[in-house]
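What follows is one structure encoded as structure tokens, with my remarks underneath.
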Amino acid sequence: MKQLTIGIVAERANVHAETVRCYERRGLITQPAKKEGGYRIYSEDTIARVRFIKRSGAWIHPEGNLGAAFFAG
């Protein structure tokens, strides 16, 4: 499995890196493993998940409450 940095995930999903971090804080995507230098390492699946969340953003509660329940797993 290819390991991706937050910058690559953000670029491929067409969002800012801070958006990816926000989705993590809200529990919409799982917290990734970190390398020795503290860099987050994501899988390819994260890109599709971020794209889906972005498209679905109109109905996700600002606090992330609906999203956390819907996207858990």
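Every read-out reported here was derived from the displayed coordinates using simple, explicitly stated rules and does not represent laboratory data. These numbers were taken from a predicted model, which means no experiment stands behind them. Note that we place each Cβ from the backbone using ideal geometry, even for glycine, and neighbour counts take in every protein chain shown.
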Take Ile47, Ile41, Ile53 and order them by how many other Cβ atoms sit within 10 Å, fewest up front. Ile41, Ile47, Ile53
Integer Hz, Karplus 6.51/-1.76/1.60 couplings in order for region 17-33, x for Gly and Pro: 4, 5, 5, 4, 4, 4, 4, 5, 4, 7, x, 7, 10, 6, 5, x, 5
